[in-house]
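The values are calculated or read from the model by the stated rules, or taken from the named source; none is laboratory data. Keep in mind the model is a prediction, meaning the values are calculated, not measured. Virtual Cβ from ideal backbone geometry, glycine too; neighbours counted across all protein chains shown.
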């Protein structure tokens with residue numbers, strides 16, 4: 001039993017990673033990862049929304065008429081996203097400002113609809129919940145890696161604190177301005193995919 | 001020569017399978033074929049396109065680059081001595097520039113070739129020749145003040161992300177030298193733009209001569225500072241600040257003559273790019289609502305890196321269009337876009353790099369439609385003949 005849950009939880013981290021293998025949710029991954037803190041908050045928000053929307057949809061999956069299932073799914077996701085948004089606005093206003101429209105856009109994040117359609121509509125609530133959390137972590141993991149490198153190399157800070165010593169700047173070090181721009185985020189995602197595939201050989205297409 | 005050949009033949013078995021230095025096979029192969037034209041021939045079918053191979057082709061491009069490089073070295077010294085108000089002779093200027101330029105070239109080659117050799121070794125294929133030219137192009141299109149570690153980073157980026165991920169020389173979509181420059185331009189704008197970067201040491205020089213400005217003519221237009229602009233004579237012969245290799249249009253034209261005479265650079269691309277630039281310049285001259293748009297079209301062509309890009313960048317056989325009609329379209333649009341970006345976008349005083357990179361992306365599409373059109377034309381002809389019979 002436990003091993004099945006573990007598998008549901010860990011599969012999206014590597015073999016079925018939403019960003020690096022299924023290439024979903026790329027736009028938010030490029031947009032919110034300039035700094036580490038918003039990236040982590042975004043990762044948490046998405047994990048919570050995927051987990052609970054999977055749980056709710058899986059619980060009522062047998063009562064949803066198939067023809068209007070997308071609308072029902074959207075209502076559930078939208079409700080959860082608004083809740084997350086309100087919590088962020090109330091307790092982390094500055095981060096909420098930075099994430100701006102991207103919290104609202106979780107509604108349209110392909111990972112959510114994808115998991116609901118592909119998994120929650122056909123599986124039990126608890127399994128679906130684990131699957132949602134796993135996918136959220138798989139997505140969040142990449143976001144945090146991106147946020148870490150982009151903030152470190154692009155601004156020389158982590159969580160807003162300077163980590164690259166002044167002496168290095170005095171010796172001629174300059175922050176890499178390209179890291180802050182979205183194209184470099186996409187290239188970084190590409191490099192992560194490259195590294196992942198050179199370790200995990202079964203992902204390479206024939 | 002004979003002794004060298006004999007020596008190579010003697011040590012060759014050690015590098016082949018089972019030999020002591022088996023791991024360095026592609027390294028050996030690279031040096032051997034660099035020194036001597038390889039004697040390998042195809043055994044099945046015929047694939048010969050030209051009498052000279054890639055390494056010899058690249059060497060011709062290097063020779064074509066030499067005038068621009070030598071002038072660039074002299075100009076580094078000339079601009080520096082001008083900036084401090086010291087009069088210096090020809091050799092003094094050249095020697096000064098040579099010493100400043102040498103580290104850039106060495107870093108570019110060591111880092112770039114190091115990565116190329118490492119990739120060739122890891123993947124078990126031959127070392128690609130492409131870097132021979134790219135390694136010299138990169139130092140020629142950057143300001144002399146570029147820090148060496150920044151250059152090394154840009155070279156690594158260009159070789160790995162611009163070339164190796166696509167499969168090495170011949171497979172890349174973007175021109176690697178321009179990829180390196182684009183990386184520098186966006187990652188370290190402070191080192192790549194402005195009026196302090198083009199002359200050696202101008203940023204922290206307390207003894208700048210009165211009235212000396214390190215700004216380029218395009219920089220002046222972009223910031224709206226008029227006044228001390230160089231004459232067309234200076235623009236053409238290159239007594240102006242700028243990226244190392246781009247300043248002397250005369251030296252670049254000598255290079256162009258070599259490339260065209262040997263048939264290595266496509267004259268169609270060069271001519272159509274100049275025409276495109278000229279046409280766009282004239283169009284802007286017609287509207288002429290600001291100083292930049294009033295700048296004569298023919299002077300646009302000899303300002304900045306337009307000519308260098310035309311001769312050495314746009315003609316890159318890998319990233320340009322392959323079809324003959326495609327070359328005209330590709331070159332023409334390169335020219336139009338270069339002037340368009342230059343004049344109408346105040347954030348980019350120089351548009352040649354972006355124009356060529358953009359057209360690199362579109363080159364396969366242009367080729368696709370040219371080939372399709374040709375197929376359709378022949379299909380129609382076939383149908384007509386079939387009906388007549």
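Can you tell me which residue among A:50, A:63, A:79 is surrounded by fewer than 19 Cβ atoms within 10 Å (Cβ to Cβ) and either in a helix (DSSP H, G or I) or in contact (Cβ under 8 Å) with a residue 12 or more places away in the chain (or both)?
A:79
Would it be correct to say that residue B:315 is surrounded by fewer than 17 Cβ atoms within 10 Å (Cβ to Cβ), in contact with a helix residue (DSSP H, G or I) (Cβ under 6 Å, 6 or more places away or on another chain) and within 22 Å of residue B:131 (Cβ to Cβ)?
Judged against the criteria, residue B:315 is not a match.
Counting only residues that are within 20 Å of residue A:57 (Cβ to Cβ) and surrounded by fewer than 24 Cβ atoms within 10 Å (Cβ to Cβ), how many does region A:131-152 have?
Of the residues in that region, 2 qualify.
Any idea which residue in region A:187-197 is surrounded by the most Cβ atoms within 10 Å (Cβ to Cβ), counting only those that are in contact with a helix residue (DSSP H, G or I) (Cβ under 9 Å, 6 or more places away or on another chain) and more than 11 Å from chain B (Cβ to nearest Cβ)?
The extreme case among them is A:189.
Taking the criterion of being touching a residue at least 24 places away in the same chain (Cβ under 8 Å), within 12 Å of chain A (Cβ to nearest Cβ) and part of a loop (DSSP other than H, G, I, E, B), would at least one residue in region B:150-161 satisfy it?
no
Listed here are the residues, each with its yes/no results for (1) crowded, with 18+ Cβ neighbours inside 10 Å; (2) within 11 Å of chain A (Cβ to nearest Cβ).
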| site | (1), (2) |
| --- | --- |
| B:107 | yes, no |
| B:115 | yes, no |
| B:118 | no, no |
| B:141 | yes, no |
| B:148 | no, yes |
| B:170 | no, no |
| B:178 | yes, no |
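Among the residues of region B:224-241, count how many are free of Cβ contacts under 8 Å to residues at least 24 places away in the same chain and in a helix (DSSP H, G or I).
Residues that pass the stated criteria total 3.
Does residue A:151 satisfy the criteria of being in contact with a strand residue (DSSP E or B) (Cβ under 7 Å, 6 or more places away or on another chain) and farther than 22 Å from residue B:182 by Cβ?
For residue A:151, the condition - in contact with a strand residue (DSSP E or B) (Cβ under 7 Å, 6 or more places away or on another chain) and farther than 22 Å from residue B:182 by Cβ - is met.
For region B:182-203, does any single residue satisfy the condition of being part of a helix (DSSP H, G or I), more than 13 Å from chain A (Cβ to nearest Cβ) and at negative phi?
Taking every residue of region B:182-203 in turn, none turns out to be part of a helix (DSSP H, G or I), more than 13 Å from chain A (Cβ to nearest Cβ) and at negative phi.
For region A:153-182, which positions are assigned to a helix (DSSP H, G or I) and in contact with a helix residue (DSSP H, G or I) (Cβ under 8 Å, 6 or more places away or on another chain)?
Of everything in region A:153-182, those that are assigned to a helix (DSSP H, G or I) and in contact with a helix residue (DSSP H, G or I) (Cβ under 8 Å, 6 or more places away or on another chain) turn out to be A:153, A:154, A:155, A:177, A:178, A:179, A:180, A:182.
If we scan region A:98-109, do we find a residue that is farther than 29 Å from residue A:194 by Cα, loosely packed, with under 14 Cβ neighbours inside 10 Å and either touching a strand residue (DSSP E or B) at 6+ places or on another chain (Cβ under 6 Å) or modelled with pLDDT under 90 (or both)?
Yes, because at least one residue in region A:98-109 is farther than 29 Å from residue A:194 by Cα, loosely packed, with under 14 Cβ neighbours inside 10 Å and either touching a strand residue (DSSP E or B) at 6+ places or on another chain (Cβ under 6 Å) or modelled with pLDDT under 90 (or both).
Residue check: is residue A:34 free of Cβ contacts under 8 Å to residues at least 40 places away in the same chain and not in a helix (DSSP H, G or I)?
So residue A:34 fails the test.
When you check residue B:124 against the structure, is it surrounded by 23 or more Cβ atoms within 10 Å (Cβ to Cβ), touching a helix residue (DSSP H, G or I) at 6+ places or on another chain (Cβ under 8 Å) and either more than 19 Å from residue B:249 (Cα to Cα) or touching a residue at least 60 places away in the same chain (Cβ under 8 Å) (or both), yes or no?
Spelling it out, it is not the case that residue B:124 is surrounded by 23 or more Cβ atoms within 10 Å (Cβ to Cβ), touching a helix residue (DSSP H, G or I) at 6+ places or on another chain (Cβ under 8 Å) and either more than 19 Å from residue B:249 (Cα to Cα) or touching a residue at least 60 places away in the same chain (Cβ under 8 Å) (or both).
Within region B:326-347, how many residues are in a loop (DSSP other than H, G, I, E, B) and in contact (Cβ under 8 Å) with a residue 24 or more places away in the chain?
1
Only residues that are free of Cβ contacts under 8 Å to residues at least 24 places away in the same chain and either closer than 21 Å to residue B:244 by Cα or touching a helix residue (DSSP H, G or I) at 6+ places or on another chain (Cβ under 6 Å) (or both): list them for region B:162-187, please.
Selection gives B:162, B:186.
Here is a check on your reading of the model: is residue B:254 outside any loop (DSSP other than H, G, I, E, B), within 28 Å of residue B:192 (Cα to Cα), in contact with a helix residue (DSSP H, G or I) (Cβ under 9 Å, 6 or more places away or on another chain) and not assigned by TED's automatic domain parsing to the domain that holds residue B:162?
no
Residues to consider are B:190, B:194; find the one that is over 19 Å from the mean Cα position of the chain (by Cα), in contact (Cβ under 8 Å) with a residue 24 or more places away in the chain and within 26 Å of residue A:173 (Cα to Cα).
After applying the criteria, what remains is B:194.
Residues being surrounded by fewer than 16 Cβ atoms within 10 Å (Cβ to Cβ) and either within 13 Å of another protein chain (Cβ to nearest Cβ) or at positive phi (or both): count how many of those fall in region A:153-169.
Result for region A:153-169: 4.
Scan region A:110-125 residue by residue and report those that are surrounded by fewer than 22 Cβ atoms within 10 Å (Cβ to Cβ) and in contact (Cβ under 8 Å) with a residue 12 or more places away in the chain.
Answer for region A:110-125, where residues must be surrounded by fewer than 22 Cβ atoms within 10 Å (Cβ to Cβ) and in contact (Cβ under 8 Å) with a residue 12 or more places away in the chain: A:110, A:113, A:114, A:117, A:119, A:121, A:122, A:123, A:124, A:125.
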